[in-house]
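Student: Submitted below is the structure of interest, expressed as structure tokens.
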2 protein chains.
Amino acid sequence: MAEKKLVAEITSMDEDFTQWYTDVCIKADLIAYSHIKGFMVIKPYGYAIWENMQKLLDDRFKKTGVENVYMPLLIPESLLAKEGELVNGFAPEVAWVTAGGTEPLTERLAIRPTSETVFSDFYKDDVHSYRDLPKLYNQWCSVVRWEKETRPFLRSREFLWQEGHTIHATKEEAEQRTQDMLNLYADFLANDMAIPTIKGQKTEKEKFAGAEATYTVEALMHDGRALQSGTSHFFGQKFSQAYDITFTDKDNKLKYVWQTSWGTTTRMIGAMIMVHGDNRGLVIPPHIAPIQVDIVPIQQRKEGVLDKAYEIRDLLAEKGFKVKVDDTDKSPGFKFAEQEMRGIPVRIEIGPRDIEAGKCMICRRDTLEKFDAPLEGLEKTVADLLETIQKDMLKKAKAHMDEMTYEARTTEEFKKHFENQLGFVEAMWCGDQACEDKIKEDLGVTSRCIPFVQKNLSGTCVCCGKPAKKMVIWAKAY
Amino acid sequence: MAEKKLVAEITSMDEDFTQWYTDVCIKADLIAYSHIKGFMVIKPYGYAIWENMQKLLDDRFKKTGVENVYMPLLIPESLLAKEGELVNGFAPEVAWVTAGGTEPLTERLAIRPTSETVFSDFYKDDVHSYRDLPKLYNQWCSVVRWEKETRPFLRSREFLWQEGHTIHATKEEAEQRTQDMLNLYADFLANDMAIPTIKGQKTEKEKFAGAEATYTVEALMHDGRALQSGTSHFFGQKFSQAYDITFTDKDNKLKYVWQTSWGTTTRMIGAMIMVHGDNRGLVIPPHIAPIQVDIVPIQQRKEGVLDKAYEIRDLLAEKGFKVKVDDTDKSPGFKFAEQEMRGIPVRIEIGPRDIEAGKCMICRRDTLEKFDAPLEGLEKTVADLLETIQKDMLKKAKAHMDEMTYEARTTEEFKKHFENQLGFVEAMWCGDQACEDKIKEDLGVTSRCIPFVQKNLSGTCVCCGKPAKKMVIWAKAY
């Protein structure tokens, strides 16, 4: 099928994937650039996607006992500095407040780059006994990190996220929570965003500053680059010792709590664009689509056409679908292209002849297929189709990820792969950070994770040839 | 009924209303102080109230066509300065970012104290034709204002709010939106928060910096002090001229847009506490209560008691009520006091004898009344009771406001009133700001608003004796 571009001129993804991505962000009305570098405006259509994602994630969190709170935006420098690794990790990218009104401050305040320190400082006074544990708190907010290079959703100086911070009486419980949240993210990404991921542990080099262990879900974009799509950290007692968060346990002894944190961000919208989008624009999974069904009346000035369109809208809206009628005076062709750009999962076309025949035309955004459907039982047809699209989108993305996942057994194979193409590469590693550093320097490739599902591809490290300890997933990443 | 304090020792509101307020904020687990002056932690129970308020307000907004967006947290000083009145109004209380990472910034960035400037800067590029209008955008976010004196919810250096910013092709449409949003706030406050308000216009002295007209809903706290609970501003073309927001109208002429903004904040939680609370703690209106019904099993170790409590919980939860069972090992008396402190609207007590008799005991938090109710049809009893409580709380608050609303016809009456008591005082005003200044200096009293419903109490200004123009509502305020 010819890839006609009827509305806005977006660059072809095959020509220039980076430019295609930026074009889609702008032309699909997700964002606008603001007048400060690295800060973007999230427009209504983009924000509505985020609201849908928030709702689905938040419901999942709450089912596991998580409660939402709100913590201060600003962090005194001395508080931030208490856990040395964290402050060293974030210091180069913190925005500093130095004056309040007309008065200079006696101590600099950081705009939160993340809130481990603030939660720890709060928990310190809030928890006394094992009866107070666990605390399973989360907040939805914005954070600021002074990144040098910025791109919409993927890397910006301000972004929206949720950060969960939990404390527990035992190591086992904290470890379990870390795993549970990683699984929750993977499940949300798969079943609501139709994005398959690989679950694994970050290496020492790639883990979060201050964490004992960082777990990640890694997704593969259409172009073969990786995107870290959610992380869950096990802190052990590092923060509780630095911030003195103790409790009296059942055995009447004073102990340090065990801590986790876990987060996902508006970056996931970037993943959605780059996993599902095509040369016509966005393709949004039905579960998070702000508009699931768009109805286009054909020959809308003919008697009864608009009425029928509104009737179908009301019928579907009543069943809980997000549906609208495009009754503007644009041409149908223009409307189709606009809907395709915006990635609306299902289009219904209805004209005088359809009405006469008691049917309508249905078009799927994901496959661009079209078929006739009887008006009778339309709500069932639409309900089934939306779930089919949701599942098919995951299948398609999974097939693409599998297709672009390779094995490399030797140094030569590994090098040759990345000199010629992208994708996930499974290869063995000795466990030495020097090898990671070398691979990054030579090839621009990073270790994405040590996947939970391990294979034994060979006995030796793909970099140095020494005995291998783990299989690692490697990729060029966003 | 004796005002026993079974759980936490809170100061009596009759002894020290200010201390009572702070005690309730802390003991009802709404907030904790953070380690930065003027920044508070909103704890799960406080945040759940805010989430309920957000949901109800957001649904109301969306029904009027409003869409949510997200705008940058930081504002360049030069952008903030474009509209002179606004920057002068906010300059003394802006927090300034002067460094990003290790580099000093070339221009200071303000943490948003409000976002008229950012929205205007965005609209400037986003709008071209009358077809693009109106734009009805809103954002939920936090803002920072470097206040000198701070109190939980009422005045803090950071607070959560929503700020709506709309632009329109005509003056009439913008004026209508300003009024519509004020009415929406008044309706939400009355019907969801059970808080009656007086609607009116702010005087020139009290209006928002940069606005042509500011409208307000003013509530009266239990102690007789006023609290501004929501504002809606008509900007005319002030911002569109300063920020150059133009559009081509139907007549093909380039015109400036007409603009509004409107906001409500976590302050409304402060109003809820001070309007409805009593010496046992919070009283939360059912529509915004995180827990609407708390079930206390009596003699819970006896066979069948806990099972029955869970059965009732499941029955009510299925009907959509927010309900929990307090099955901790605390004594019933302790549980009662704790629930009362947290303002849970309805308590159900159920013990072995109740089960035998097929009934339970129901207690209303607002009136502290108790009565037996048959288990059969309990969901209907509870549904009706929650709506009764919701309505009765508004009635009670309205009666209290009416009782504490006075008229003053002469300077002497006016002075004498405020020397002896609080409350809303209706009195005539000449329209001269010098009189407002004098009244504030002499009595600590401010003009709350020029109410839409005017009375002609006398011909002369209550301050200077010159001919009066308007009736004003005066009060000491939070």
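Student: I want to confirm something. Restricting to the range A:30-60 and keeping residues that are surrounded by fewer than 17 Cβ atoms within 10 Å (Cβ to Cβ) and among the charged types (D, E, K, R), which single residue is farthest from A:Arg177 (Cα to Cα)?
Tutor: For the range A:30-60, the residue satisfying everything is A:Lys37.
Student: Going through the range B:143-164 one residue at a time, which ones are more than 10 Å from every other protein chain (Cβ to nearest Cβ) and more than 19 Å from B:Ser232 (Cβ to Cβ)?
Tutor: B:Glu149, B:Thr150, B:Arg151, B:Pro152, B:Phe153, B:Leu154, B:Arg155
Student: Under the condition of being of a type in the set (Val, Ile, Thr) and surrounded by fewer than 16 Cβ atoms within 10 Å (Cβ to Cβ), which residue from the range B:61-116 is modelled with the lowest pLDDT?
Tutor: Going residue by residue through the range B:61-116, those that are of a type in the set (Val, Ile, Thr) are B:64, B:66, B:69, B:75, B:87, B:94, B:97-98, B:102, B:106, B:111, B:114.
Checking which are surrounded by fewer than 16 Cβ atoms within 10 Å (Cβ to Cβ) leaves us with B:64, B:102, B:106.
Numbers: B:Thr64: 98, B:Thr102: 87, B:Thr106: 94.
Here the residue is B:Thr102.
Student: On the basis of being in contact (Cβ under 8 Å) with a residue 24 or more places away in the chain and within 25 Å of A:Gly46 (Cα to Cα), does A:Arg313 make the cut?
Tutor: no
Student: Restricting to the range A:143-155, give me the number of residues that are in contact with a helix residue (DSSP H, G or I) (Cβ under 9 Å, 6 or more places away or on another chain), assigned to a loop (DSSP other than H, G, I, E, B) and in contact (Cβ under 8 Å) with a residue 12 or more places away in the chain.
Tutor: Residues that pass the stated criteria total 6.
Student: When you scan the range B:358-376, how many residues do you find that are touching a strand residue (DSSP E or B) at 6+ places or on another chain (Cβ under 8 Å), open to solvent by 30 Å² or more (accessible area, probe 1.4 Å) and hydrophobic (A, V, I, L, M, F, W, C)?
Tutor: 3
Student: Of all strands (runs of 3 or more DSSP E) completely enclosed by the range B:204-315, which ones contain at least 1 residues that are open to solvent by less than 50 Å² (accessible area, probe 1.4 Å)?
Tutor: Where strands (runs of 3 or more DSSP E) fall fully within the range B:204-315 and carry at least 1 residues being open to solvent by less than 50 Å² (accessible area, probe 1.4 Å), they are B:213-220, B:226-236, B:246-248, B:258-265, B:293-297.
Student: Kindly provide the set of residues from the range A:414-441 that are in contact (Cβ under 8 Å) with a residue 24 or more places away in the chain and more than 17 Å from A:Gly224 (Cα to Cα), ordered by number.
Tutor: Hits for the range A:414-441 are A:Met428, A:Trp429, A:Cys430, A:Gly431, A:Asp432, A:Gln433, A:Ala434, A:Cys435, A:Glu436, A:Asp437, A:Lys438, A:Ile439.
Student: Next question. Which condition from (1) aromatic (Phe, Trp, Tyr); (2) more than 21 Å from B:Phe424 (Cβ to Cβ); (3) at pLDDT 95 or above is the one that B:Tyr215 breaks?
Tutor: (2)
Student: May I pose another question? Kindly evaluate A:Phe153 against the criterion of being modelled with pLDDT of 95 or more and on the phi > 0 side of the Ramachandran plot. Can you show your working first?
Tutor: Values: modelled with pLDDT of 95 or more: yes; on the phi > 0 side of the Ramachandran plot: yes.
Against the criterion (modelled with pLDDT of 95 or more and on the phi > 0 side of the Ramachandran plot), A:Phe153 qualifies.
Student: In the set A:Ser34, A:Ser12, which member is over 25 Å from B:Ile111 (Cα atoms) and over 20 Å from the mean Cα position of the chain (by Cα)?
Tutor: Details: A:Ser34 fails: over 25 Å from B:Ile111 (Cα atoms).
That would be A:Ser12, the only listed residue that is over 25 Å from B:Ile111 (Cα atoms) and over 20 Å from the mean Cα position of the chain (by Cα).
Student: Of everything in the range A:451-478, what is open to solvent by 30 Å² or more (accessible area, probe 1.4 Å) and under 26 Å from the mean Cα position of the chain (by Cα)? Give them in sequence order.
Tutor: A:Phe452, A:Val453, A:Gln454, A:Lys476, A:Ala477, A:Tyr478
Student: Next question. I'm told A:Glu379 meets every condition in (1) open to solvent by less than 40 Å² (accessible area, probe 1.4 Å); (2) touching a residue at least 24 places away in the same chain (Cβ under 8 Å) except one. Can you identify the failing condition by its number?
Tutor: Result: A:Glu379 passes all but (1).
Student: Here's a follow-up. Checking B:Glu149 against (1) open to solvent by 10 Å² or more (accessible area, probe 1.4 Å); (2) under 14 Å from the mean Cα position of the chain (by Cα); (3) not aromatic (Phe, Trp, Tyr), which single condition isn't satisfied?
Tutor: It fails just one condition, (2).
Student: Sticking with this one: State which residue is nearest to A:Ile49 (Cα to Cα) when the search covers only the range A:7-21 and only residues that are in a loop (DSSP other than H, G, I, E, B) and either open to solvent by 70 Å² or more (accessible area, probe 1.4 Å) or in contact with a Pro (Cβ under 8 Å, 6 or more places away or on another chain) (or both).
Tutor: Among those that are in a loop (DSSP other than H, G, I, E, B) and either open to solvent by 70 Å² or more (accessible area, probe 1.4 Å) or in contact with a Pro (Cβ under 8 Å, 6 or more places away or on another chain) (or both), it is A:Glu9.
The rows are residues; the columns are (1) of a type in the set (Phe, Trp, Tyr); (2) within 31 Å of the chain's Cα centre (by Cα); (3) within 9 Å of chain A (Cβ to nearest Cβ); (4) not in a strand (DSSP E or B).
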{"residue": "B:Thr106", "(1), (2), (3), (4)": "no, no, no, no"}
{"residue": "B:Thr117", "(1), (2), (3), (4)": "no, yes, no, yes"}
{"residue": "B:Ser120", "(1), (2), (3), (4)": "no, yes, no, yes"}
{"residue": "B:Tyr137", "(1), (2), (3), (4)": "yes, yes, yes, no"}
{"residue": "B:Cys141", "(1), (2), (3), (4)": "no, yes, yes, no"}
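Student: Taking the range A:408-446, which residues are within 11 Å of A:Trp474 (Cα to Cα) and open to solvent by 80 Å² or more (accessible area, probe 1.4 Å)?
Tutor: Residue satisfying the conditions is A:Lys440 alone.
Student: Would the range A:63-81 turn up any residue that is farther than 26 Å from B:Leu109 by Cβ and free of Cβ contacts under 8 Å to residues at least 12 places away in the same chain?
Tutor: Taking every residue of the range A:63-81 in turn, at least one turns out to be farther than 26 Å from B:Leu109 by Cβ and free of Cβ contacts under 8 Å to residues at least 12 places away in the same chain.
Student: If you scan the range B:316-338, which residues turn out to be out of contact with any helix residue (DSSP H, G or I) (no Cβ under 8 Å at 6 or more places or on another chain), closer than 21 Å to B:Ala28 by Cα and open to solvent by 70 Å² or more (accessible area, probe 1.4 Å)?
Tutor: Of everything in the range B:316-338, those that are out of contact with any helix residue (DSSP H, G or I) (no Cβ under 8 Å at 6 or more places or on another chain), closer than 21 Å to B:Ala28 by Cα and open to solvent by 70 Å² or more (accessible area, probe 1.4 Å) turn out to be B:Lys322, B:Asp329, B:Phe334.
Student: Go through (1) within 14 Å of chain A (Cβ to nearest Cβ); (2) hydrophobic (A, V, I, L, M, F, W, C); (3) part of a helix (DSSP H, G or I) and name the single condition B:Leu182 misses.
Tutor: So the condition that B:Leu182 fails would be (1).
Student: Kindly indicate whether any position in the range A:160-174 is within 24 Å of the chain's Cα centre (by Cα) and assigned to a helix (DSSP H, G or I). Can you show your working first?
Tutor: From the range A:160-174, those within 24 Å of the chain's Cα centre (by Cα) are A:160-166, A:174; that's our starting set.
Filter once more, so that each one left must be assigned to a helix (DSSP H, G or I): A:174.
Within the range A:160-174, one or more residues are within 24 Å of the chain's Cα centre (by Cα) and assigned to a helix (DSSP H, G or I).
Student: For B:Asp125, only one of the following conditions fails: (1) surrounded by fewer than 17 Cβ atoms within 10 Å (Cβ to Cβ); (2) at the interface with chain A (Cβ under 10 Å from one of its Cβ atoms); (3) in contact with a helix residue (DSSP H, G or I) (Cβ under 8 Å, 6 or more places away or on another chain); (4) over 20 Å from A:Glu107 (Cβ atoms). What is its number?
Tutor: Of everything listed in (1) surrounded by fewer than 17 Cβ atoms within 10 Å (Cβ to Cβ); (2) at the interface with chain A (Cβ under 10 Å from one of its Cβ atoms); (3) in contact with a helix residue (DSSP H, G or I) (Cβ under 8 Å, 6 or more places away or on another chain); (4) over 20 Å from A:Glu107 (Cβ atoms), B:Asp125 misses just condition (3).
The values are calculated or read from the model by the stated rules, or taken from the named source; none is laboratory data. Just so it is clear, the structure is predicted and the values come from calculations on it, not from any experiment. Glycine also receives a Cβ, built like all others from the backbone with ideal geometry; neighbour counts cover every protein chain displayed. For accessibility, only protein heavy atoms count, side chains too; no ligands or nucleic acids. Shrake-Rupley method; radii C 1.70, N 1.55, O 1.52, S 1.80 Å.
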